[in-house]
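*Asks:* Dropping a structure here in structure tokens format, bear with me for questions.
Each reported figure results from applying straightforward, stated rules to the coordinates on display, with no laboratory input. Computed from a prediction, not measured in an experiment: that's the story for all the values here. Cβ sites come from the backbone with ideal geometry, for glycine too, and all protein chains shown count toward neighbours.
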Amino acid sequence: SATAPYISLEEFAVAIKDLPVASLHAKAAELRNSIYHMTRSNSQLEPFAAEGDAECADAMRENVEVMQRMRDRIGLLKAEVEGRGMMWVDEEPRPAAD
């Protein structure tokens, strides 16, 4: 969240070392869900940013940076699971079926 202290990738990698595999997968799912919602948010902000709204443009840029950090963390989660000799299954969020 915006008020949570930033944890570096190195600190994150150390923090996940002792977590159960189920927790690693749950954290990845949480991060993917956040990425999905931030992507939707950027889609909603884009028309306003295109019209010159600097705050919307700034929010979009910040979201892109945060989403990249989240993807980096998912990569660390994957490396941790695979480092334990287990298979990682990438599951990108999909739109709900109508």
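*Asks:* So, R0 is 35 Å and r is the distance between the beta-carbons of VAL89 and TYR6; what FRET efficiency does that work out to, to 0.05?
*Replies:* The calculated FRET efficiency here is 0.75.
*Asks:* What distance in nm separates the two pseudo spin-label positions at HIS37 and LYS17, each 7 Å out from Cα along the beta-carbon direction?
*Replies:* It works out to 3.1 nm between the two label points.
*Asks:* Counting pairs of alpha carbon atoms under 8 Å apart in space and at least six apart in sequence, what relative contact order in percent does the chain give? Before the final figure, lay out each step's value.
*Replies:* Values: 47 pairs, mean separation 34.1, N = 98.
Averaging sequence separation for qualifying contacts and normalising by length gives 35 percent for the chain.
*Asks:* Still on this structure, please answer the following. Through the Karplus equation 6.51 cos²θ - 1.76 cosθ + 1.60, θ set to phi - 60°, convert the phi angles of region 70-83 into ³J(HN,Hα) values in whole Hz; use x for Gly and Pro.
*Replies:* Going residue by residue, I get 5, 5, 4, 5, 4, x, 5, 4, 4, 4, 5, 4, 5, x Hz, with x marking Gly and Pro.
*Asks:* Would you mind getting me the FRET efficiency between GLU82 and ASP53? Use the beta-carbon distance for r and R0 = 30 Å, nearest 0.05.
*Replies:* Working: r = 43 Å, r/R0 = 1.42.
Calculated value: 0.10.
*Asks:* For region 1-49, which chymotrypsin sites (Phe, Trp or Tyr not before Pro) pass both filters: DSSP loop (anything but H, G, I, E, B) and at most 13 other C-beta atoms within 10 Å?
*Replies:* Hits after loop and neighbour filter: TYR6.
*Asks:* Which of the GluC sites (Glu not before Pro) found in region 1-68 are in a DSSP loop and have at most 10 neighbouring Cβ atoms, other than their own, within 10 Å?
*Replies:* Those that pass, being in a loop and sparsely packed, are GLU51.
*Asks:* How about region 14-98: which trypsin sites (Lys or Arg not before Pro) there are in a DSSP loop, with at most 16 other Cβ atoms within 10 Å of their Cβ?
*Replies:* LYS17, ARG84
*Asks:* For the chain, what does -39500 (n - 2.57) per DSSP helix run (n ≥ 4), summed and divided by total residues, give at 222 nm, in deg cm²/dmol to the nearest 500?
*Replies:* So the calculated ellipticity at 222 nm is -24000 deg cm²/dmol.
*Asks:* If you don't mind, another one. By how many degrees, 0 to 90 and rounded to 10, does the Cα axis of helix 21-50 deviate from the longest principal axis of the chain?
*Replies:* The angle comes out at about 10 degrees.
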